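Asks: Please find one structure pasted underneath; my questions will follow.
The values are calculated or read from the model by the stated rules, or taken from the named source; none is laboratory data. Every value quoted in this text rests on a predicted model; they were computed, and no experiment measured them. Positions of Cβ are backbone-derived with ideal geometry, glycine not excepted, and every protein chain shown enters the neighbour counts. For the accessible areas, the whole protein counts, side chains as well, though only heavy atoms, and no ligand, DNA or RNA atoms are used. Shrake-Rupley method; radii C 1.70, N 1.55, O 1.52, S 1.80 Å.
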Amino acid sequence: MYSYLGIVNDLLKEFPEISKNYAKEIAWIKDTFKGQETGGQAIYFDRCFCDYIGQLLMDECQDKIQIEKVFTFLEDMAVSEDQEVRNLLQVTVLEYLRSWYLLQNRSEKLMLPETKKIFAHVKSYLQEPAQDVLPCFYI
């Protein structure tokens, strides 16, 4: 079961391929938040994991094994007993997926039951994304 304080370590253990981006974000956080306490969970998920998910979903040669692994990880977050982990999933990952029509369209089909429930809530307060706007990493 994931905890908020350990979620970044869990993420890096499950997806070591994002470690390079993670190292860049660590440097950015240390420079930006000098002397401030931050675990950086939302930043790491937003700037490392979300773009990784987006790239996986948009890749023409989709890695189905990695995509399944991602959505299992998201489901494990959705069923976590730690409310902060579920909040991180909702406001960082699922709001990101809702923000891009192509990502929403592809990801919603892959979501597992508890993730879908949280995503339905996200859809209740975030309007439908524009169909003609592409994610920044895709341009």
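Asks: Could you please let me know if Leu97 is closer than 19 Å to Ile43 by Cβ and crowded, with 18+ Cβ neighbours inside 10 Å?
Replies: Against the criterion (closer than 19 Å to Ile43 by Cβ and crowded, with 18+ Cβ neighbours inside 10 Å), Leu97 qualifies.
Asks: Any chance region 18-36 includes a residue that's modelled with pLDDT of 70 or more, in contact with a Phe, Trp or Tyr (Cβ under 9 Å, 6 or more places away or on another chain) and either over 19 Å from Thr92 (Cα atoms) or open to solvent by 60 Å² or more (accessible area, probe 1.4 Å) (or both)?
Replies: Yes, there is a match, as at least one residue in region 18-36 is modelled with pLDDT of 70 or more, in contact with a Phe, Trp or Tyr (Cβ under 9 Å, 6 or more places away or on another chain) and either over 19 Å from Thr92 (Cα atoms) or open to solvent by 60 Å² or more (accessible area, probe 1.4 Å) (or both).
Asks: Which pairs have Cβ atoms under 6 Å, sit 6 or more apart or on different chains, and link a residue in region 1-24 that is touching a residue at least 24 places away in the same chain (Cβ under 8 Å) to one that is in a helix (DSSP H, G or I) and among the hydroxyl-bearing types (Ser, Thr, Tyr)?
Replies: Val8/Tyr44; Ile18/Tyr52
Asks: Quick check on this structure: which one of Asp51, Asp59 is out of contact with any helix residue (DSSP H, G or I) (no Cβ under 8 Å at 6 or more places or on another chain) and at negative phi?
Replies: Asp59
Asks: For region 72-94, name all the residues that are buried (at least 16 other Cβ atoms within 10 Å of the Cβ) and within 17 Å of Asp51 (Cα to Cα).
Replies: Once the filter is applied, which keeps residues that are buried (at least 16 other Cβ atoms within 10 Å of the Cβ) and within 17 Å of Asp51 (Cα to Cα), region 72-94 yields Phe73, Leu74, Leu88, Leu89, Gln90, Thr92, Val93, Leu94.
Asks: Taking helices (runs of 4 or more DSSP H) that do not extend beyond region 36-135, which have at least 3 residues that are charged (D, E, K, R) and in contact (Cβ under 8 Å) with a residue 40 or more places away in the chain?
Replies: 64-78
Asks: Give the residues of region 100-129 that are closer than 16 Å to Gly54 by Cβ and open to solvent by 30 Å² or more (accessible area, probe 1.4 Å), sorted by residue number.
Replies: Trp100, Tyr101, Leu102, Asn105, Arg106, Glu108, Lys109, Leu110, listed by residue number.
Asks: Run down Leu94, Leu57, Leu89 and say which single residue is at pLDDT below 95 and within 20 Å of Pro113 (Cβ to Cβ).
Replies: Leu57
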